[in-house]
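Worksheet: one structure, shown below.
The values are calculated or read from the model by the stated rules, or taken from the named source; none is laboratory data. Since we're looking at a predicted model, the values are computed, not measured. With ideal geometry, Cβ positions are generated from the backbone for all residues, glycine too; neighbour counts draw on all protein chains shown. Side chains are part of the model used for accessible areas, which takes the heavy atoms of the whole protein and leaves out ligands, DNA and RNA. Shrake-Rupley method; radii C 1.70, N 1.55, O 1.52, S 1.80 Å.
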Amino acid sequence: MLRAAGVGVGDEVVVPAFGNVEVAEAVAMAGALPVFADIDPATYCLEPAAVKGAVTARTAAIVVVHRFGRPADIGPLHALGRRHGLLVLEHGETEAPYDEIAQRRERAAFLDTKLRGVRTPAGGVGHTYQQYVVRVPGNGRPDRDAFARAVRAKGIDCGIPVRTPVHRLPGFRRCVSLPETERAADETLALPVEATLTKREMQRIVSACNALGGLLAPAL
C-alpha cells in the first residue's frame with residue numbers, strides 16, 4: 001500500500017514502536033524511514049499530539065495500528081493527515097465473529113469488577129478485547145515479570161504483549177523519547193479472556209491475581 005501510494009526513498013512514515021515490528025519493516029521495504037511516535041497510555045495506539053510532533057517536511061504517511069481490540073483515536077489523525085497532505089493507513093487485527101466478541105466482552109467485564117492490585121484496561125467504544133491487557137506498575141523492580149511468573153505458577157496462562165519496543169530492536173534503534181511506549185512495555189500483561197473460558201476458570205484467574213496484590217501495594 002505504501003509503494004502503491006508512491007512512498008519510497010527519502011520519505012518518512014510515522015509508526016508506533018509499541019509492538020508490530022512488521023510495520024516498521026514494511027516501511028523500510030518500501031525504501032522509506034520509519035519514524036516512531038509515542039502511544040496513548042489508555043489505547044496503546046498512536047497518540048495524535050505525539051504524531052503531530054513527529055511530522056516533518058519529509059513525512060509522507062502515518063500508519064495507525066489498532067491494538068488489543070481497542071480502536072485508535074483515528075479522527076484527529078485523519079485530520080492531521082488532511083492538513084499536511086499525508087497518507088493515513090490503518091493496520092487492524094483479525095476480526096472475530098460477533099458471538100465470540102460478545103463473550104469476550106462478558107469475560108472482560110467480569111475481570112474489570114473482580115481484579116484487585118492491577119490496573120484493568122480502559123474499555124472504550126468498539127473494544128473487542130482481542131487481548132485483555134492489564135498494567136502491573138513498576139516500583140523500581142520488575143514487578144510485572146515477577147507477577148507473571150507467580151500467576152503462571154498457579155496454572156494461569158498469561159503473556160507479555162510487547163517485551164521490547166521496536167525503537168530498541170537492532171536495525172531500528174533510535175535515540176527518541178517515547179515514555180509511554182517504554183512504560184507500557186515494562187508494565188503490560190495479557191490475561192486470558194477467551195470465549196471458551198468457563199466461569200470457574202475466570203474465577204481462578206481472579207483468585208490467582210488477587211492473591212498477589214501485596215506485591216504491588218507500594219506502587220499503587
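Of the listed requirements (1) part of a helix (DSSP H, G or I); (2) of a type outside the set (Lys, Arg); (3) surrounded by fewer than 15 Cβ atoms within 10 Å (Cβ to Cβ), residue 155 misses just one: (1). Looking across the range 25-44, the residues that are buried (at least 22 other Cβ atoms within 10 Å of the Cβ) and within 15 Å of the chain's Cα centre (by Cα) come down to 36, 37, 38, 39, 44. Of all residues in the range 76-95, those that are touching a residue at least 24 places away in the same chain (Cβ under 8 Å), open to solvent by 30 Å² or more (accessible area, probe 1.4 Å) and over 18 Å from the mean Cα position of the chain (by Cα) total 3. Counting only residues that are over 21 Å from residue 5 (Cβ atoms) and surrounded by 15 or more Cβ atoms within 10 Å (Cβ to Cβ), the range 49-75 holds 7 of them. Determine whether residue 171 is of a type in the set (Gly, Ala, Ser) and open to solvent by 60 Å² or more (accessible area, probe 1.4 Å). Criteria met by residue 171.
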